[in-house]
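I have placed the structure first, in the form of structure tokens, so that the comments after it can refer back to it.
None of the figures in this text is laboratory data; all of them are computed from the coordinates on show. Since the structure is predicted, the reported quantities are computational estimates derived from the model, not experimental observations. Here the Cβ is made from the backbone with ideal geometry for all residues, glycine too, and neighbour counts use every protein chain on show.
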Amino acid sequence: MSPSEPFQPRQGRQVALDDHARDNLRFIRETMERAGSFTAVPGWGGIALGVTALGAAGIASRQTSSMDWLATWIAEAFLAIAIAVWTTFSKARESGTSLFSGPGRRFAYSFAPPLLVGALLTVLLVRSALIGAVAGVWLLLYGTGVVTGGAFSIRIVPLMGLCFMVLGAMALFCPSSWGNVFLAAGFGGLHIVFGAIIARQYGG
């Protein structure tokens, strides 16, 4: 046995300890991130929202007046709220997450104000005969709410919000007749795509 051989196991143990320490630190960091994040965002619920939005887009496209078109999308908005609330509560219950915990409250407080602003601006746009701007305003403010609320949720949620904001900005500067297409692409397409990703990677 050469004089250098006794030091090899000691060096191996040192490397193993370093790897173990790094693994522990990574586990602690990921655990703290999950504890501080709202993880009950429903992927399957997002897919359901997208499907109903595509249906609403089809119905809205056949309306002969702008008010009937808007009424179709408002009905879809109430249906979407019901689906979102039900699927969020269901996912939270299954995962043992409290919707009234710190992350859940922060998500709600950040997500709700842009939606309230969107509702108020909708009334203003209708009174001003500017219904053509509704699609852009809805997508932009919904995306804003998703981004701000997503700061307290899983990482993919703010990215989804940014996609909604981009669509909303495009809709504001495109012909108002394209509004239905933008709403279908956003509330329909984006919800389905990101909902599927969330369902697959984050447990339903």
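Laid out as a table, the results:
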{"item": "Those residues of the stretch 180-204 whose amide nitrogen sits under 20 Å from the label point placed on Met170, 7 Å along Cα→Cβ", "result": "180-197"}
{"item": "Kirkwood Rh and Cα Rg combined as Rg/Rh, the stretch 120-188", "result": "1.03"}
{"item": "Principal axis dimensions, the stretch 73-204 - Cα atoms, whole angstrom, descending", "result": "47, 26, 24"}
{"item": "Cβ-Cβ FRET estimate between Ala71 and Ile156, R0 fixed at 30 Å, reported to 0.05", "result": "0.40"}
